[in-house]
Amino acid sequence: MGFGRFGGGRGGDIGPKPVAVGDELDITIEAVAAKGDGIAKKEGFVIFVAGAKTGDKLRVKITDVKRTCAVGEKIGDAAPTV
């Protein structure tokens, strides 16, 4: 039970998310997805960034937050760390 077509397996929301629409944050792209979007993580939560490459250090603005991931757009380079 529970793994059928309706209401399957994982249930509802996964809890509080570490990002919200409009947040601006510095991230490092860890990998590239099959469709070419860069993948970063904040507290284990996946953030996709179009056109980013592995190793890019970016400042992004979160444009969409879904149940298990977020989408960000590049707004600049990440601030240098001291």
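The values are calculated or read from the model by the stated rules, or taken from the named source; none is laboratory data. Here the structure is a predicted model, which means the values were calculated and not measured. For neighbour counting, all protein chains shown are included, and Cβ atoms are generated from backbone atoms with ideal geometry for every residue, glycine included.
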Original post:
Quick check: is even one residue across the range 14-27 in a loop (DSSP other than H, G, I, E, B), small (G, A, S) and at pLDDT below 95?
Top reply: yes
**OP:** Could you please find all residues in the range 31-82 being surrounded by 14 or more Cβ atoms within 10 Å (Cβ to Cβ), within 19 Å of P18 (Cα to Cα) and out of contact with any strand residue (DSSP E or B) (no Cβ under 6 Å at 6 or more places or on another chain)?
**Re:** K41, K42, F45, V65
Subject >> Residues located in the range 16-63, provided they are in contact (Cβ under 8 Å) with a residue 40 or more places away in the chain and polar (S, T, N, Q) >> reply: T28, T63
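Could you check the range 47-82 and list, in sequence order, the residues that are part of a strand (DSSP E or B) and among the acidic types (D, E)?
First, the residues of the range 47-82 that are part of a strand (DSSP E or B): 47-49, 57-65, 69-77.
If the condition is that a residue be part of a strand (DSSP E or B) and among the acidic types (D, E), then D64, E73, D77 are the ones that fit.
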